[in-house]
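Since the structure comes first, as structure tokens, the remarks are kept for the end.
The values are calculated or read from the model by the stated rules, or taken from the named source; none is laboratory data. No experiment lies behind these values; they were computed from the predicted model shown. Here the Cβ positions follow ideal geometry from the backbone for every residue, glycine too, while neighbour counts run over all protein chains shown.
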Ligand SMILES: [Zn+2]
């Protein structure tokens, strides 16, 4: 992150940076109202420890999460942080675990139940090409039918199959799973998806949306994804939101 972060001798520099970035991300989600009581997860790989991940402590609100309260777990959701008094919602990690295990490029995974994204996941036809942000995602979303709460490992085969080469899975009647090569990358994708869904809902409440043609979508995506933004996908936006979070409360850094 661009902002100077104080070190913590208990963790490697790479892990501490990852912890602070993830804690900041939870605070950003809380700031936007994208939290769900104590549920839902944003997970990242620990960069310098193969097979280790960071997850939110179960029972803690997104707005309370700090760098050191995040729990380090293995791919099966077993706690590696022996002295962290909090527990892991292992059931909630099942689908994250599946994608972290099978997709080497899924560094960060976000799954939340925001009203707008769940509404569109629950709509026949899902996300429609009817606004700017939605056009970013046309042809890039995968869908998976609802089979009940996603805790059964046997559903995993179908989840991976339905995801295919996409990196956003719209769980029908449930909510999206957004994967990124980095946390800011996953964040910016989630943000744009959230905005696309909000705009679609607002438009459908007024009447019939104007569909965007495939030709225009192709031009839109070509021009949009032509250049890599400075610092990588989502970096400047993420850092700007961290500064906004800092105006509320800086305790996430601890
Ligand atoms: Zn869920």
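Before we move on, is residue 166 in a loop (DSSP other than H, G, I, E, B), more than 27 Å from residue 45 (Cβ to Cβ) and away from the ligand (no atom under 16 Å from the Cβ)?
Working: in a loop (DSSP other than H, G, I, E, B): yes; more than 27 Å from residue 45 (Cβ to Cβ): no; away from the ligand (no atom under 16 Å from the Cβ): yes.
No; evaluated as a whole, the condition is false for this residue.
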Quiz item: When you look at residue 159, is it touching a strand residue (DSSP E or B) at 6+ places or on another chain (Cβ under 7 Å) and at pLDDT 95 or above, yes or no?
Solution: no
Exercise. Could you check how many residues of region 236-254 are free of Cβ contacts under 8 Å to residues at least 60 places away in the same chain and part of a helix (DSSP H, G or I)?
Key: 4
Quiz item: Within the bounds of region 145-161, is there any residue that is buried (at least 17 other Cβ atoms within 10 Å of the Cβ), closer than 28 Å to residue 235 by Cα and within 16 Å of the ligand (Cβ to nearest atom)?
Solution: no
Practice problem: Please specify each residue of region 196-220 satisfying the condition of being closer than 28 Å to residue 181 by Cα and touching a helix residue (DSSP H, G or I) at 6+ places or on another chain (Cβ under 7 Å). | Solution: 196, 197, 198, 199, 200, 217, 220
Practice problem: Collect the residues in region 131-144 that are in contact with a helix residue (DSSP H, G or I) (Cβ under 6 Å, 6 or more places away or on another chain) and either within 15 Å of the ligand (Cβ to nearest atom) or not in a helix (DSSP H, G or I) (or both), keeping them in residue-number order. | Solution: 131, 138, 142, 144
Self-check item: Residue in region 170-186 that is at pLDDT 95 or above, in a helix (DSSP H, G or I), more than 14 Å from the ligand (Cβ to nearest atom) and out of contact with any strand residue (DSSP E or B) (no Cβ under 6 Å at 6 or more places or on another chain) present
Solution: yes
Quiz item: Within region 194-211, is even one residue closer than 25 Å to residue 238 by Cα, within 16 Å of the ligand (Cβ to nearest atom), at pLDDT 95 or above and touching a strand residue (DSSP E or B) at 6+ places or on another chain (Cβ under 7 Å)?
Solution: no
Practice problem: Report the residue count in region 101-125 for those that are surrounded by fewer than 18 Cβ atoms within 10 Å (Cβ to Cβ) and outside any helix (DSSP H, G or I). | Solution: 8
Self-check item: Residues being in contact (Cβ under 8 Å) with a residue 40 or more places away in the chain, within 15 Å of the ligand (Cβ to nearest atom) and over 19 Å from residue 14 (Cα atoms) - total across region 31-87
Solution: 6
Quiz item: Out of all the residues in region 16-43, which are in contact with a strand residue (DSSP E or B) (Cβ under 8 Å, 6 or more places away or on another chain) and either under 13 Å from residue 54 (Cα atoms) or part of a helix (DSSP H, G or I) (or both)?
Solution: 18, 19, 21, 22, 25, 26, 29, 41, 42, 43
